[in-house]
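Here is the structure we will look at, set down as structure tokens.
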Amino acid sequence: MREELGDFISILCVKAMIAGIEKSMGRRASAIAMRAAGRERGKQLGATRGNNQAKLSLEDLTASIRQILGKEGTRLCLVEQIIRGENVYSVYVKEIIGSCSELEGAKSFCTYTNGVIQGLLEVFLGEKLFPKQIESVLNYCHQEVLEFTVIP
């Protein structure tokens, strides 16, 4: 896209942008906007793979999302695992923007990443989902855990 600088920018610039949005809009309003933006991006990314891929096995679903968001794709995060429970999907991710360069115990959330994964899952599964961050590396966990509950 950019002739000399290429397609990627520094995570520090993205973090500064997020901090500026939080400062100007407030934490709650910015979280809503970031999640909505992420969800829209996830739907766009999912649409490039074809609509409703509900027939994918959980392993194939995980591999598809890992490829889209990982080293071979957008480099947004590393998706380690997706587990399906009763009406809920738990997604285990690493190296998200929200926790990058933050100190342990900080109250940073991965709202944009959460939204992107929500959008992808909704496209692939053909179901509406409610997102929630369960665990964070900032709270002394080994990875981020995001939960997506199926909305009937």
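No lab work stands behind these numbers, since they all come straight from the coordinates. This structure is a prediction, so every number in the text was calculated from the model and none was measured. Cβ coordinates were reconstructed from backbone atoms using ideal geometry, including for glycine residues, and neighbour counts include every protein chain displayed.
Amide H to amide H, with H built 1.01 Å from N, residue 88 comes under 5 Å of 150, counting only residues 5 or more places away or on other chains.
Taking each of 23/43; 15/94; 15/128; 23/71 in turn, the alpha-carbon distance tops 26 angstrom for 23/43; 15/128; 23/71. Among 48, 62, the ranking by other beta carbons within 10 Å of each residue's beta carbon, starting with the fewest, stands as 48, 62.
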